[in-house]
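Only one structure is covered here, and it is reproduced in the block below.
No lab work stands behind these numbers, since they all come straight from the coordinates. Remember, predicted model here, so these are calculated numbers, not experimental data. Reconstructed Cβ throughout: ideal geometry from the backbone, glycine too, with neighbour counts over all protein chains shown.
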Amino acid sequence: MSANEKRQAGEAAIRYVEDGAIIGVGTGSTVAFFIDALADLKDRIQGAVSSSEQSTAHLKRLGIPVLDLNATGALTLYVDGADECDTHKRLIKGGGAALTREKIIAEASQKFVCIIDSTKQVKLLGKFPLPIEVIPMARSLGGREIVKRGGQPVWRDGVVTDNGNWVIDVHGWQITDPVGLESDLNQIPGVVAVGLFARRAADVVLVGDKVM
Ligand code: 5RP
């Protein structure tokens, strides 16, 4: 059921792709369906800006040019999945450890279309442990700062992000003020990116092939 909805969402996002555009592409199993569908349109787009080495490899394998965000400028469309999504289209992301590049592309894009299956819909964010990318030297400091804020940090041992950093997953937070928490966590030295997408939430959420 969940895999079927992921496929539906990935394919439904194609309707937002405009001729001649450069598409921001996220990371994950739902996005993989989007990339597969995008390959059918590859002659009608300029290319893609990718959020991870994983998506880059997939895009290139299907012959979709991968472009540098510094060269493209702002994008019209970003398509990505999420680990949780609330009713205000605020998200937890980073289950695949690609949160920093995902956040950069989301910020650089006019429209963020988030593609999920219905298991990702929540009333309150936080059941899914919140990923935070940190510079390795700041792991312990970051962990202590998280504990001060009532969270339980768990180092995602063995995972190195595409940027050479580490990920802390924070358990036990019921996130009633996502924008406030995102801003607060961003102030901790050594935090590269927080997997809360609240300040820049999604614009459109597709749950399977339905607009939320
Ligand atoms: C990667 C992400 C993904 O979008 C998120 O983990 C959802 O993945 P999937 O589509 O495989 O369920 O944020 O960093």
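A few comments on the model shown:
- Looking at region 126-212, the strands (runs of 3 or more DSSP E) lying wholly inside it that each contain 3 or more residues that are buried (at least 18 other Cβ atoms within 10 Å of the Cβ) sit at 130-134, 166-171, 191-194, 204-207.
- Some residue of region 113-120 being farther than 17 Å from A193 by Cα, in contact with a Ser or Thr (Cβ under 6 Å, 6 or more places away or on another chain) and more than 12 Å from the ligand (Cβ to nearest atom): no
- A search for C-beta distances below 7 Å between a residue of region 164-189 that is under 13 Å from I146 (Cβ atoms) and any residue that is acidic (D, E), counting only pairs 6+ apart in sequence or on different chains, returns V167/E133; I188/E145.
- Condition met for L99 (within 15 Å of the ligand (Cβ to nearest atom) and under 15 Å from H171 (Cβ atoms)): no
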